[in-house]
Amino acid sequence: MKRILHFALLVMCAMPCLADYVPEPYTWTTQSQNSSGSMPCGGGDIGMNVWVEHGDVLVYMSRSGFFDENNTLLKAGRLRLHLDNAEKLLADGFSQTLSLADGAVYIKGGGVTIRLWADVKSPVIFADITSAKPVTATLSYESWRHKDRAVSKAACQQFSYKWLTKGEYATFADTIRPQRNALTFEHRNRKETVFDFTVSYESLDAVKSMIPDPIGDLSFGGRLSCPDFTFTGTSDGVYASTDYRAWNFVSKPLRHTTVSVELLSNKGALTYPARILGKHQQPSSAAKESRKRSDAWWHAYWQRSYITSTHSEAKPLLRNYELFRYMLGCNAYGEWPSKFNGGLFTFDPVYVDEALPFTPDYRRWGGGTMTAQNQRLVYWPMLKSGDTDMMKSQFDTYLRMLDAATVRTRHYWNHGGACFEEQIENFGLPNPAEYGKHREGQDPGWMKNKWLEYEYDTALEFCQMILLANEYAGMDIERYRPLIAETVRFFDEHYRYLAKKRGTTELTDDGKLVIYPSSGCETYKMAYNPSSVVAALKTVVETIDKRHGGLEAFGLDTAIVSRIPEIPLHDIDGRRCISPATAWMRINNVETPQLYPVFPWRIYGLGRPNLDIAVNTYLHDPHALKMRSSKGWKQDNIWAACLGQREDAVRLLKEKFADGPYRFPAFWDPGYDWAPDLNRGGSAMIGLQEMLLQEAPDGTPMMLPCWPEEWDVHFRLHATGGRVIER
């Protein structure tokens, strides 16, 4: 009753503030030097990098799921629009604006207006070009995949083979077919892919037919339609460090035209008769329909949540929060999630690191490979921002991988559950390079990798996100029950299996699991009962048991509740602290898993018991202090907010949300991964949200628990129980 009354009060307080929110546009008034000075644009599951260079409008096109046979996430190519006298035209009153309100980029100058956007309901890009006076234009489709390209050992990070290659693999050429005023391009994956290699390399040939293969025989590409242009031939050039071929189309003098690019993918060859635009539908008529529905979608998107302030220090941070949330919205409905290492907005790698003169398809840490610890940070903030529908891409990815994870578990260890490794391919198996080279007699289920061995618990974070998506927004999670159940089951059965293998009993004398060998993130290795894993099991099991119908409803043994060990504690200079684990062999990385019981697991924190233990850990643990940083995926800003450490929370927020080194302020440096760094953006979002709104264990909202008193703020955020809280 207390919770209902509090919610009613919040609703009444919010009612006068329910006017439409319109985000401010973001504008440049000078052209860019190169693709690192590009601006994001997108929608649905399409991302574009848009920039103007020497008077030419250039666009990199990307779509979620364009994975080649090597599991590189390939771009769809580059568009170039050249207007006669372009430099003069666009120099006169030039502006390039990202209009967040309608999700489009506007380029203006010399009486010319170009509007670029992606349809939010179907994968189509539109460019609408208007000129006050007739102008002749050249439209080019540019591709560096006009030929097979060997991927050098130095460039191996872009695909799943990584350092297993000596340069023997290639990115194969696309098939590109020009017509009079259209062009099709297609990449058809070969029969043999990195999926086949990985299955054999990891000793899974006997169960290969039971493991779904998302990249075998996959085709992807698209169709460029430009009815007011005529194909005139090809030309060759070099951009950044990569040669390309251009298919050029020239127009007659025109005042208005619309160009479209449909991006398609399916198993088998692409079938253009089944394309998205009707067979006889012109881009101009389709664009009118698209603009109307896309404008409406983006308008609704910005009403879900927002954070604003007039304070001089807060405004640029909140602008970057908003710009980054726009980037996430561009892949709202992708079949595959927004990748932590650049998402759909990577650009020429030579502008990230001049020692990497590779094609625009390059990114560090792979295209179809997911580092789960990094990936989770992109999706946690969507609960409070009200974007739970966008989380489906990530949830469905784990659901697609479930068969592989359960088959692999049964094949290697002959017990139940689903083993999801930390560095995992989009088909559910560990990355082959990081899986390691095993000797005869070694457990083939073991990741023979000093960073990744025995790290399974991140999958539990996605299980908890699914449960909370139901609590926040009422998401129907019935289809995800097997995923949650099998992930939990793995820990219970696997660690009893290992204990029995080592001795005669499965549990300790007091009936607890022995979670060993395990791992506290990639940092505390060969760990015994790491606090991050124990907290994960405790929280997910308790959430199921107390708030989602009980363990039996998920087909889980109710006794698992009593089998989970306690979070290990220890003393540091007489202060009680959370221990990284009961014991560990070595420290590898720079993570602080002893604070995971604070976030993501919320066992400790403001309004929760034993806050002093977590605060002691944050303030006095030598490792936590040594590793404190705002770089990349670091989440010290989140812990500071959750523990009421306002000075640290503000300082780290400023560092996290500071402008990146590239022209667009939410394109952050690679950090530990690649640019633009989405896990930095995600962790920054989470920390900011926690400074504004937290919940006590009984669901009571805690407003501004770690926000500077001198910063005014107005926000609309989401909480459990379907509540929308506005201040």
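Miscellaneous remarks
- Of all residues making up region 537-594, the number that are open to solvent by 10 Å² or more (accessible area, probe 1.4 Å) and of a type in the set (A, V, I, L, M): 11
- Residue identified as within 26 Å of MET390 (Cβ to Cβ) and surrounded by fewer than 24 Cβ atoms within 10 Å (Cβ to Cβ) among GLY43, GLY65, GLY55, GLY47: GLY65
- Selection within region 122-137 - part of a strand (DSSP E or B) and either surrounded by fewer than 19 Cβ atoms within 10 Å (Cβ to Cβ) or out of contact with any strand residue (DSSP E or B) (no Cβ under 7 Å at 6 or more places or on another chain) (or both): THR130, ALA132, LYS133, PRO134
- Pairs linking a residue in region 205-232 that is closer than 19 Å to GLU69 by Cα to a residue that is of a type in the set (Lys, Arg) and part of a helix (DSSP H, G or I), with Cβ atoms under 8 Å and 6 or more positions apart or on different chains, are ILE211/ARG408; PRO212/ARG400; PRO214/ARG400.
- Only one entry in LEU264, LEU224, LEU277 is part of a loop (DSSP other than H, G, I, E, B) and within 20 Å of SER62 (Cα to Cα), namely LEU277.
- Of the residues ALA624, ALA641, ALA719, the single one that is more than 17 Å from THR308 (Cα to Cα), open to solvent by less than 30 Å² (accessible area, probe 1.4 Å) and touching a Pro at 6+ places or on another chain (Cβ under 7 Å) is ALA719.
- Search result, residues across region 489-548 that are without any contact (Cβ under 8 Å) to a residue 12 or more places away in the chain, outside any helix (DSSP H, G or I), out of contact with any helix residue (DSSP H, G or I) (no Cβ under 7 Å at 6 or more places or on another chain) and not β-branched (Val, Ile, Thr): GLY503, ASP509, ASP510
- Each residue in region 651-677 was checked for being among the aliphatic types (A, V, I, L, M) and open to solvent by 20 Å² or more (accessible area, probe 1.4 Å), and 1 pass.
- For region 409-457, the set of residues classified as small (Gly, Ala, Ser) and either within 19 Å of the chain's Cα centre (by Cα) or not in a loop (DSSP other than H, G, I, E, B) (or both) consists of GLY428, ALA433, listed by residue number.
- When we screen ASP396, ASP361, ASP353 for residues that are open to solvent by less than 10 Å² (accessible area, probe 1.4 Å) and charged (D, E, K, R), the only hit is ASP361.
- Candidates TRP302, TRP336, TRP297 - the one that is assigned to a helix (DSSP H, G or I), among the aromatic types (Phe, Trp, Tyr) and open to solvent by 10 Å² or more (accessible area, probe 1.4 Å): TRP297
- Some residue of region 93-102 being out of contact with any strand residue (DSSP E or B) (no Cβ under 9 Å at 6 or more places or on another chain), open to solvent by 20 Å² or more (accessible area, probe 1.4 Å) and closer than 22 Å to THR138 by Cβ: no
- Qualifying residue in region 233-254 (condition: open to solvent by less than 20 Å² (accessible area, probe 1.4 Å), among the aromatic types (Phe, Trp, Tyr), in a strand (DSSP E or B) and under 30 Å from ALA433 (Cα atoms)): no
- Considering (1) in contact with a Phe, Trp or Tyr (Cβ under 8 Å, 6 or more places away or on another chain); (2) part of a helix (DSSP H, G or I); (3) among the hydrophobic types (A, V, I, L, M, F, W, C); (4) under 15 Å from LYS634 (Cα atoms), the lone condition that MET691 does not fulfil carries the number (4).
- Of all residues making up region 471-506, the number that are open to solvent by less than 50 Å² (accessible area, probe 1.4 Å), of a type outside the set (A, V, I, L, M), farther than 23 Å from TYR528 by Cβ and out of contact with any Gly (no Cβ under 9 Å at 6 or more places or on another chain): 1
- Verdict on THR136 being among the polar types (S, T, N, Q) and within 30 Å of THR27 (Cα to Cα): yes
- Of the residues making up region 578-616, those that are over 16 Å from THR458 (Cβ atoms), out of contact with any Cys (no Cβ under 7 Å at 6 or more places or on another chain) and not in a loop (DSSP other than H, G, I, E, B) are ILE578, ALA583, ARG586, ILE587, GLN594, LEU611, ASP612, ALA614, VAL615.
- VAL350 farther than 27 Å from ASP20 by Cβ and part of a helix (DSSP H, G or I): yes
- Qualifying positions in region 162-209 - open to solvent by less than 10 Å² (accessible area, probe 1.4 Å), closer than 18 Å to GLY436 by Cβ and part of a loop (DSSP other than H, G, I, E, B): THR165, GLU202, LEU204
The values are calculated or read from the model by the stated rules, or taken from the named source; none is laboratory data. Please read all numbers here as calculations on a predicted model, not as lab measurements. For neighbour counting, all protein chains shown are included, and Cβ atoms are generated from backbone atoms with ideal geometry for every residue, glycine included. We work out accessible area using only protein heavy atoms, side chains counted, and drop any ligands, DNA or RNA first. Shrake-Rupley method; radii C 1.70, N 1.55, O 1.52, S 1.80 Å.
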